[in-house]
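What follows is calculated from the coordinates using simple rules that are stated; it is not laboratory data. Model, not experiment: these values are computed from the prediction. Note that we place each Cβ from the backbone using ideal geometry, even for glycine, and neighbour counts take in every protein chain shown.
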Amino acid sequence: MEKIRGFEVAKGFEDKEIHLPVRKTKYSAGYDVEAAEDCIVPSFKKGMKPTLIKTGIKAYMQDDEVLILANRSSNPGKKGLILANSIGVIDKDYYGNADNDGHIMFAFFNIKDEDIEIKKGDCIGQAIFQKYFIADDDMAEGERTGGFGSTSK
């Protein structure tokens, strides 16, 4: 079977009982993504970096597609979790990169007064595959050389 788009377990997580994302209803746009391990998201303090929550998954897709990472609508109100970058953008060439094999992580800040515990298997966000377009004068020919945050290098 030809691979068109989907999810796989990232290297280093093969024996961690990772659940691949699924849609819960036939009209859901997003695939529910789970945390790969227990972690704590500390209460926000000025100057702190976001907490990266590991998922243990990577995604493959077509050349003109992107995977958008979105927060769960209940996360800010119930858990105080907001995405540090508003949305995550997973490019096709992130898959299998040499730095981290394309391992997808969610970057969260916790706006509650207390630390928030995330358990392995908790649904932390959604992943949505989308088509995208390029401008007429686009000349991009660069190639990814790393993983998380590497396209600006």
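Tabulated values for the structure
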read-out	value
Complete set of residues in segment 49-86 that are over 14 Å from the mean Cα position of the chain (by Cα) and of a type in the set (Lys, Arg)	49, 78, 79
Output for segment 93-136, where each listed residue is assigned to a loop (DSSP other than H, G, I, E, B), β-branched (Val, Ile, Thr) and surrounded by 18 or more Cβ atoms within 10 Å (Cβ to Cβ)	104
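To keep it simple, each residue is scored yes or no on (1) crowded, with 17+ Cβ neighbours inside 10 Å; (2) more than 12 Å from residue 106 (Cα to Cα); (3) not small (Gly, Ala, Ser).
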site	(1), (2), (3)
17	no, yes, yes
20	no, yes, yes
26	no, yes, yes
32	no, yes, yes
36	yes, no, no
42	no, yes, yes
49	no, yes, yes
52	no, no, yes
60	yes, yes, yes
